[in-house]
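Have a look at the structure below before the remarks.
The values are calculated or read from the model by the stated rules, or taken from the named source; none is laboratory data. Quick caveat, the model's predicted, so the values are computed rather than measured. Backbone-built Cβ (ideal geometry, glycine too); neighbour counts: all protein chains shown.
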Amino acid sequence: MNRVPATNWAGSFHYGFRDGLFPASLEQVAEAVSVARSVKVLGSRHSFNGIVDGTLAMMLTDLPADPALETGGAQVSIGAHATYGELALFLARHRLAIHNLASLPHISIAGAIATATHGSGDRLGNLATAVAALELVAGDGSIVRAKRGDPDFAGMVVHLGALGVVTRVTLDVQPEFEVAQTIYEGLSWANLLDHFDEITSAGYSVSVFTQWGDQAGSVWIKQAVSSGASPAGDGPAEFHGAKRATLKRHPIIGLDAENVTEQFGVAGRWSDRLPHFRMGFTPSNGEEIQSELHVPRRHAKAAIEVLLSIAEKFRPLLQTGELRTVAADDLWLSPQYGRDTLSFHFTWVRDQAAVDAATAEIEAALAPYEALPHWGKVFAGRGLGARYAKFPDFARLRERLDPSGKFSNPWLEEKVFGSNAT
């Protein structure tokens, strides 16, 4: 037994773990799971709610990552506990890439895919869509391996930690590419609403950072270029009325931009540009709380307008907001299941009670637009599983893989299944 971290990385959520397990092999994972009454896997600690909380933590950092190329270099297999930054270093040696990254390269692969964590891009699915196969230890200690196309595979990828301990994943890869990032400041709400499709399609990955004030804010355009191509340059001086930034910017206005990925149209490796933050540096702000809601893209304009109508109520708590688009997929518990989405991200000051109240008000305002929360962030709703078409199938899958509920916890039962059972 070992002590486990007391809080998530931002210090905003305190775990209830009393003991920890650090298995060093797949066999040790299986043995530990088979005898445990209740266990939760704790990864890179980037969730902001109780999704991984419990009394016994399992951390997989002692397992070898053992990255390896498969299927003639079209896929990579790696220990699920590895971070995307570690994966990127391995892929760089083989001049390969994955399709996208989230804002932070510090997060674990297993945690990201379990919660449908994502980057941005009109044509890019969330990070779970790259999963071609996975290996997990089910509730009885048996080892289950599944691949894309197998029955129930689409329900096993975004699993919320409810099905087992994911120990290894196989991801689709592609030839490496470079990305050049340019920022435009002073975008008006009128131009964002009138030219939404043009703005979000202006790059491989596009984010709009906003304070929900008089202006929409800044547009961060990440443009893909072929590796070895000529530098993309700064781009035009204006973009839909916004001016090209002349100083390096942090997503949170006023913070030092040293830990932010390179800007000014300087091309670099995909993994050094698609995240907002550089590997090896403290990401984002640290003392923060995050929430996020996804609405179908067809509701984008109406959803933005309704949030603008209540922005004065939540703006004082906001460090920064971000608007991102994500492509539809077929993963059962993905917020993008069957629908392209616009994602509203909020980075809040660390005042849990006030943030809870603001989040509840935002969720109520967006409810008419079929909003679904990011599974790893703060949200007020309960019983959210019922809003997913394939949830009955997921519930049956959980009953098969974890009939005794040893991977459950109060958060899962309340927020996903809508009960108070533990």
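Please enumerate the residues belonging to the range 56-87 that are small (Gly, Ala, Ser), touching a Ser or Thr at 6+ places or on another chain (Cβ under 9 Å) and at pLDDT below 95. Within the range 56-87, just 85 meets the criteria.
Can you find a residue in the range 91-99 that is within 17 Å of the chain's Cα centre (by Cα), modelled with pLDDT of 95 or more and aliphatic (A, V, I, L, M)? Looking for residues that are within 17 Å of the chain's Cα centre (by Cα), modelled with pLDDT of 95 or more and aliphatic (A, V, I, L, M), one finds at least one in the range 91-99, hence yes. Within the span defined as the range 129-144, every residue fails to be surrounded by fewer than 18 Cβ atoms within 10 Å (Cβ to Cβ), over 17 Å from the mean Cα position of the chain (by Cα), free of Cβ contacts under 8 Å to residues at least 40 places away in the same chain and over 28 Å from residue 88 (Cβ atoms).
Filtering the range 90-113 to residues that are free of Cβ contacts under 8 Å to residues at least 60 places away in the same chain and either over 16 Å from residue 272 (Cβ atoms) or part of a helix (DSSP H, G or I) (or both) leaves 90, 94, 112, 113.
For (1) under 23 Å from residue 402 (Cβ atoms); (2) surrounded by fewer than 23 Cβ atoms within 10 Å (Cβ to Cβ); (3) in contact with a strand residue (DSSP E or B) (Cβ under 7 Å, 6 or more places away or on another chain); (4) of a type in the set (D, E, K, R), each residue gets a yes or a no:
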{"position": "33", "(1), (2), (3), (4)": "yes, no, yes, no"}
{"position": "47", "(1), (2), (3), (4)": "yes, no, no, no"}
{"position": "53", "(1), (2), (3), (4)": "yes, yes, yes, yes"}
{"position": "59", "(1), (2), (3), (4)": "yes, yes, yes, no"}
{"position": "69", "(1), (2), (3), (4)": "no, yes, yes, no"}
{"position": "79", "(1), (2), (3), (4)": "yes, no, yes, no"}
{"position": "85", "(1), (2), (3), (4)": "no, yes, no, no"}
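Where helices (runs of 4 or more DSSP H) fall wholly inside the range 146-202, the ranges with 2 or more residues that are within 22 Å of residue 308 (Cβ to Cβ), out of contact with any Phe, Trp or Tyr (no Cβ under 6 Å at 6 or more places or on another chain) and touching a residue at least 12 places away in the same chain (Cβ under 8 Å) are 189-194, 196-200.
Please verify whether residue 379 is hydrophobic (A, V, I, L, M, F, W, C), assigned to a strand (DSSP E or B) and within 16 Å of the chain's Cα centre (by Cα), treating the condition exactly as stated. The answer is no for residue 379.
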